[in-house]
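Encoded as structure tokens, the structure appears first; notes follow it.
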Amino acid sequence: MKEHYFDYAATTPVDKEVFKSLEPYLKEKYGNPSSIYSKGQEARLAVEEAREKIASLIDADPEEIIFTSCATESNNLALKGVAFQHELTRKLARNNTKNKPHIITSQIEHHSVLNTCKYLEQFGHKVTYLPVGEKGLVQLQDVKKAITNKTMLVSIMYANNEIGTVQSVAEIGKIIKAIRIKRQEKGNKTPLYFHTDAVQAIQYLPTNVNKLGVDLLSITGHKFYAPKGVGALYIRKGVKFLPQQSGGGQEKHRRAGTENVAGIVGMAKALELAQERKEKEVKRLKNLRDYLIEKVLKIPGTFLTGDREKRLPHIASFAFRGVEGESLLLKLNNYKIFASTGSACTSDSLEPSHVLLALGLKHEIAHGSLRVSLGRHTVKEDIDLLIKVLPGIVEELRKISSFKYGATNER
Ligand code: PLP
């Protein structure tokens, strides 16, 4: 049976050209980039070329790119790095450190941001979690209102991985810049940094760090056809942060640990290819996504989650009233259709997605979610199969569901 992969937002296969570019660094060019002999320097050169390539694609300087193991690490480094550095600076200046700095984020960030914020709260840092409303969008006036004299970091994702909504990052960047200038005029020395998690966005949306007005930006290779286990963090020159991994002097003492040379080479190649293909691919995926949305919404008791327009070209997320998401996935799996749901099975409870709950969905409705994410190998035939089998599966599951689906518009 042919496989129909609809989970590109979870991960992607490694592109053939990407694999070709990185393979030598797993085999004959296996040197350690910190070694001074030529075999090491050949690897160093590859890492630095990759850094230049990635920097130029986002309009940054190569020194502003730090390689990491994944976006979870990039997000941790961004948030903990600037929060703890700020605290250290104040401690050294013998300032009152009881008054902890303030961070602003949204309720629908990836867990690598949300749980890092919760971690920082344990150290007394104050965090504001902005609501996103029914459509999953952060409101500019909410950002403006939330910023106080003590706010040191705003972290708002570029685009959401579950519902695909795209935030007004450039507009938020402008607000932050204006407040930063006012602060400087008043002599307030608290820094005000802007971080964005661009993991789902970078391959499809314009990602120029200067136009976006961001100071820190996280990415991960495996979402755009590079291997798993490699990511990067852009850190604007002048941003003060405390490294979170102690060890050797790699990455100019900002992130210890031998570089994943092959992964880094592959990630740079993958980003370059994504950039070349962006325009055409965005158009193609949007058409497929809209076709999918139109057909799926014909199933009674179904609605789209997130904003209809401000969304990534490759993500469509639905809620089916009276259906349990995990069962839906298992039924689809019988057809070798691989998708995902907002429910995540934890040890002993089935927790609905925090993103769907933030949209105001009831628990039982949030349980019936399906995320379909498209990618380079998705063709119309895949979608046709999905929309052929989906209505029957939904009907079947509703029959056995303890949550009775009435013809309501309940969310
Ligand atoms: N941020 C977003 C928006 C994501 O979608 C993901 C992965 O699902 C991550 C962060 C974490 O990426 P990684 O798996 O590379 O740690």
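Rule-based calculations on the coordinates, nothing more; no lab input. Quick caveat, the model's predicted, so the values are computed rather than measured. Don't worry about glycine lacking a Cβ; one is built from the backbone with ideal geometry, like all the others, and counts go over all protein chains shown.
Its alpha carbons considered, the stretch 123-207 gives a radius of gyration followed by a Dmax of 13.7, 41 Å.
What percent does the relative contact order of the stretch 1-98 come to when contacts are Cα pairs within less than 8 Å and at least six residues apart?
Worked out over the stretch 1-98, it gives 10 percent.
Computed over the chain, the per-residue total of -39500 (n - 2.57) for DSSP H runs of n ≥ 4 gives a 222 nm mean residue ellipticity of -13000 deg cm²/dmol, rounded to 500. Between the helical axis of 261-296 and the longest alpha-carbon principal axis of the chain there is an angle of about 30 degrees.
Sort all Cα-Cα distances of the chain into consecutive 20 angstrom bins from zero, then give the percent of pairs in each bin up to the one containing the longest distance. Bin by bin from 0 Å, the calculated values are 26, 54, 20, 1.
Kirkwood Rh, the stretch 188-312, all Cα pairs: how many Å?
On the way: mean 1/r = 0.0574 Å⁻¹.
Here the Kirkwood hydrodynamic radius works out to 17.4 Å.
Against the main long axis of the alpha-carbon atoms of the chain, helix 71-92 sits at an angle near 40°.
Considering only Cα-Cα distances, which of the following residue pairs are longer than 23 Å: Lys135/Lys399; Lys310/Lys388; Lys39/Lys269; Lys135/Lys336; Lys39/Lys252? Checking Cα-Cα distances, Lys135/Lys399; Lys310/Lys388; Lys135/Lys336 exceed 23 Å.
Could you work out the relative contact order of the chain? I mean the mean sequence separation of Cα pairs under 8 Å and 6+ apart, divided by the number of residues, in percent. Walk me through the numbers on the way to the answer.
Values: 794 pairs, mean separation 92.1, N = 411.
Computed over the chain, the figure is 22 percent.
Using the Karplus relation 6.51 cos²θ - 1.76 cosθ + 1.60 with θ = phi - 60°, the per-residue 3J(HN,Hα) values for the stretch 311-321 come to 9, 5, x, 10, 10, 10, 10, 10, 10, 10, 5 Hz, with x marking Gly and Pro. Please list, in order, the residues from the stretch 190-231 whose amide nitrogen is less than 11 Å from a point placed 7 Å along the Cα→Cβ vector of Asp59. It comes to 206-214, nothing else. The separation of the stretch 73-129 from the stretch 1-67, counted between C-alpha centres, amounts to 30 Å.
Hey, what did the stretch 255-353 get for relative contact order, percent, Cα under 8 Å, at least 6 apart? Before the final figure, lay out each step's value.
On the way: 55 pairs, mean separation 15.1, N = 99.
Relative contact order, the stretch 255-353: 15 percent.
On full extension of the chain, what length is gained from Val389 through Glu276, given 0.36 nm per residue of separation minus the C-alpha to C-alpha distance? List each step's numbers first, then the result.
Working: separation 113, 0.36 × 113 = 40.68 nm, distance 3.50 nm.
Extending this stretch completely gives an extra 37.2 nm.
Between the beta carbons of Lys182 and Glu351, assuming R0 = 35 Å, the FRET efficiency works out to 0.25 to the nearest 0.05. Taking the DSSP beta bridges with both ends in the chain, the antiparallel portion is around 55 percent. Each of Glu48 and Thr258 was given a label point 7 Å from its Cα along the Cα-to-Cβ line. The distance between the two points is 2.1 nm. Taking a Cβ cut-off of under 14 Å around Leu385, the surrounding Lys, Arg, Asp and Glu residues balance to a net charge of +2, with basic ones at +1 and acidic ones at -1.
What do you get for Rg/Rh of the stretch 1-147 when both radii come from the Cα atoms and Rh is the Kirkwood radius? Each step should come with its number before you reach the end.
On the way: Rg = 21.0 Å, Rh = 19.4 Å.
That ratio equals 1.08.
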